[in-house]
Every structure is written in C-alpha cells, then in structure tokens.
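Take a look at the structure set out below.
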Amino acid sequence: MKKSLLFIALFLTAGLLKAQNPTTDTTASSTDALMKTLSAPEKGEPVIATFKATRLILSQTTETVKKKELNFLVIHRFGDIAGANGGGKTMWGLDNSTDIYIGFEYGLTDNLNIDFGRSKFESLLELGLKYNILHQKLDNSVPVAVTLIGKTGFKTYHANTPIFDNYANRFSYLAQAVIARKFSSALSLQVSPMYLINNAPYPFLYGNEKKFFSLSAAGRLKITKRMGIVLDYVHPFSNFRDNNVDPRFYDGLGVGLEIETGGHVFTINFTNAQAISEFNYLNDTESKWSKGQFRLGFTISRIFDFNKKHKSNY
C-alpha cells in the first residue's frame with residue numbers, strides 16, 4: 001500500500017508541473033472567437049482561492065493570510081476509533097485526545113505570514129514564516145503557485161528524558177516548499193517536499209536519523225458551493241523507518257470534508273496520524289489504518305480582520 005500511495009504522490013507531482021494549454025476549436029465562428037477574446041483573462045491576473053484555507057488535514061497549503069489579518073486555528077485529534085485502544089469502551093475514540101493544537105497566523109504582508117502554535121503532543125511550541133513567492137496566473141503564463149515555509153519547533157517538556165537536559169536537543173527545524181495548481185473551479189492539487197532536522201533523534205531509538213526528507217501530496221475536490229472533499233498523504237524517506245525489523249512507523253494519510261461558513265472554514269476528517277504538527281507526525285506516526293488505528297479530527301479556522309479601511313462605517 002505504501003508503494004501505491006507513493007506512486008500517487010509522484011503522479012500528482014508530474015501533473016502539477018505540466019501546464020494545461022487550451023485547445024483550439026477550428027469550427028468556432030468568428031463571433032465565438034470574438035467573444036472568447038473579450039472574455040479572456042487579462043495577462044498576469046492571478047488565480048485566487050486555490051484552497052479555501054491555509055491548512056488541509058496534515059499539510060499546509062499555498063494560501064496565506066492577507067496583511068493585518070489574523071487566522072485563529074483550533075485543531076483536534078481524538079483517539080483510535082477501533083483496535084486495541086478504540087471501540088465502545090472509549091466511545092470510539094471520543095473519550096481520548098491524541099493531540100490538540102492552538103495556533104495563530106498573522107499577515108505581515110499579503111504574501112508573508114508569521115505563525116505561532118502550541119501542540120499537546122510532545123508539549124511542542126513552534127514558530128514559523130510562510131512566504132508566497134509565486135502566484136498561478138489565469139492565462140497560464142505561470143502554471144503553479146509556490147509558497148515557502150520555515151519553522152522552528154521546541155519541546156518544552158518531556159518526562160524522564162535525560163537527553164532533554166541539554167536544551168539544544170529540544171529544537172527541531174523544518175524547511176518546506178508547497179507547489180499547487182488549481183486545475184478548475186472544482187479541483188486543486190498540491191505537492192510539498194519537506195526537509196526535517198532534529199537536534200536529537202526522535203523518537204529516541206538506536207539508529208534513528210536526525211535528518212530526513214519527506215514528500216506530501218494533497219488535493220481538494222469541490223462538491224457544492226461551500227463544501228469539498230480533501231485528501232492528504234505524506235511519506236518520509238527514512239531508512240530507519242523503512243528498514244526497522246519491528247515495523248512501527250507508517251505514512252500519514254487523511255481524508256475529510258471541508259465546509260466554508262462565512263468567516264469560518266471547518267474541516268472534519270479521519271487520519272491515522274496522531275499528531276498535528278509536522279515536527280511530530282513526520283517523526284512519529286505509529287498508527288495503521290488497517291488495524292483500526294485512525295481517528296476523528298477537526299480543524300476550525302477563523303479570520304479576524306484588523307484593516308481599518310475594511311471596516312464598515314455606521
């Protein structure tokens with residue numbers, strides 16, 4: 001299954017990098033040709049709303065919060081629905097929570113955000129910058145959007161772990177590029193290469209790497225004006241994880257329903273990833289779908305606008 005999902009990620013990469021050129025209708029009348037010319041997008045006009053939110057299930061998108069806007073995020077993961085730790089005794093995971101994330105994204109400019117968040121999983125604090133360096137254009141002069149992300153994570157507390165007596169070992173770093181294309185009003189796809197650096201290997205197992213590369217693929221399919229299906233998958237390229245004699249690590253996979261309600265974007269999803277932050281789920285996803293070790297989760301995103309010129313005069 002892992003190889004099949006990796007193939008999907010690579011297939012989506014190829015699709016994103018291939019520009020879609022409109023075909024020529026040789027039977028079109030001169031009137032049709034004139035109408036097409038009049039309705040053609042202006043050169044350099046950017047594509048808007050490739051995705052409805054800055055985050056999907058596991059992945060961040062190319063979208064940024066606009067200048068002087070604040071995005072407040074609440075993300076929750078419940079416990080296993082089935083398997084040894086799920087079932088009726090835990091109300092199919094609703095009695096437990098594997099992770100809770102509270103975060104803020106603020107627009108320094110329309111294209112540059114500063115992000116801050118706190119996760120329950122590993123008591124993680126994270127601070128990052130997100131910069132949209134390239135916008136897809138309606139005339140296909142630029143076929144994709146590209147956003148760069150840099151983040152620092154800091155584990156504030158970890159019981160009975162002497163390695164954290166050295167505070168430098170608590171830090172991790174992530175460099176990421178998100179490449180997305182809106183193929184139509186209904187379909188958007190993205191791929192995202194990531195490079196993760198841990199000052200100390202996590203989890204603390206013999207032979208585990210401090211650094212490794214990962215690749216994610218995600219997409220959104222609109223099914224109504226305000227609803228869409230989202231899919232999110234990530235594969236870490238780690239020899240330690242691939243060759244472990246006792247398999248315990250798995251690729252992250254999530255599927256969900258995204259709902260836009262005015263200033264809110266609400267996503268309800270199912271995923272095998274226990275953790276929310278890249279610093280945690282890339283390092284340590286130990287749940288498997290086929291064992292019932294997947295869980296219900298949700299994301300609530302709410303934008304607050306601090307631009308005075310946008311406020312109505314009463």
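The values are calculated or read from the model by the stated rules, or taken from the named source; none is laboratory data. For clarity, every value in this text was computed on a predicted model and none was experimentally measured. Here Cβ is always computed from backbone atoms with ideal geometry, including for glycine, and neighbour counts include all displayed protein chains. To get the accessible areas, we keep the full protein, side chains included, count just its heavy atoms, and leave off ligands, DNA and RNA. Shrake-Rupley method; radii C 1.70, N 1.55, O 1.52, S 1.80 Å.
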**OP:** Please verify whether the range 280-297 includes one or more residues that are in a loop (DSSP other than H, G, I, E, B), among the small types (Gly, Ala, Ser) and under 14 Å from the mean Cα position of the chain (by Cα).
**Re:** no
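Okay, residues lined up against (1) out of contact with any His (no Cβ under 6 Å at 6 or more places or on another chain); (2) touching a residue at least 24 places away in the same chain (Cβ under 8 Å); (3) buried (at least 17 other Cβ atoms within 10 Å of the Cβ); (4) not β-branched (Val, Ile, Thr):
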site	(1), (2), (3), (4)
254	yes, yes, yes, yes
261	yes, yes, no, no
265	yes, yes, yes, no
271	yes, yes, yes, no
274	yes, yes, yes, yes
278	yes, yes, yes, yes
281	yes, yes, yes, yes
303	yes, yes, yes, no
**OP:** Within the range 177-210, work out how many residues are over 25 Å from residue 248 (Cβ atoms) and under 18 Å from the mean Cα position of the chain (by Cα).
**Re:** 11
**OP:** Working carefully through the options 157, 131, find the one that is within 23 Å of residue 279 (Cβ to Cβ) and in a loop (DSSP other than H, G, I, E, B).
**Re:** 157
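Just a yes or no: is a residue in the range 92-113 buried (at least 20 other Cβ atoms within 10 Å of the Cβ) and either among the hydrophobic types (A, V, I, L, M, F, W, C) or part of a loop (DSSP other than H, G, I, E, B) (or both)?
Among the residues of the range 92-113, at least one is buried (at least 20 other Cβ atoms within 10 Å of the Cβ) and either among the hydrophobic types (A, V, I, L, M, F, W, C) or part of a loop (DSSP other than H, G, I, E, B) (or both), which makes the answer yes.
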Subject >> Selection count, the range 175-199, where residues are open to solvent by 10 Å² or more (accessible area, probe 1.4 Å) and aliphatic (A, V, I, L, M) >> reply: 7
**OP:** Evaluate the range 166-176: report whether one residue or more is hydrophobic (A, V, I, L, M, F, W, C), closer than 27 Å to residue 249 by Cβ and assigned to a loop (DSSP other than H, G, I, E, B).
**Re:** no
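Is it the case that some residue within the range 138-152 is hydroxyl-bearing (Ser, Thr, Tyr) and assigned to a strand (DSSP E or B)?
Restricting attention to the range 138-152, the residues satisfying the condition of being hydroxyl-bearing (Ser, Thr, Tyr) are 141, 147, 152.
Pick out the ones that are also assigned to a strand (DSSP E or B) and you get 147, 152.
Yes; the residues of the range 138-152 include at least one that is hydroxyl-bearing (Ser, Thr, Tyr) and assigned to a strand (DSSP E or B).
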Original post:
Quick one: is residue 241 assigned to a loop (DSSP other than H, G, I, E, B), under 17 Å from residue 207 (Cα atoms) and either in contact with a Leu (Cβ under 6 Å, 6 or more places away or on another chain) or not β-branched (Val, Ile, Thr) (or both)?
Top reply: no
Subject >> Test set (1) assigned to a loop (DSSP other than H, G, I, E, B); (2) open to solvent by 10 Å² or more (accessible area, probe 1.4 Å); (3) of a type in the set (A, V, I, L, M) - residue 231 fails condition number >> reply: (1)
**OP:** Name the residue, out of 127, 108, that is more than 18 Å from the chain's Cα centre (by Cα) and at pLDDT 95 or above.
**Re:** 108
**OP:** Being small (Gly, Ala, Ser) and open to solvent by 20 Å² or more (accessible area, probe 1.4 Å) is the filter; apply it to the range 26-74 and report the residue that is modelled with the lowest pLDDT.
**Re:** 28
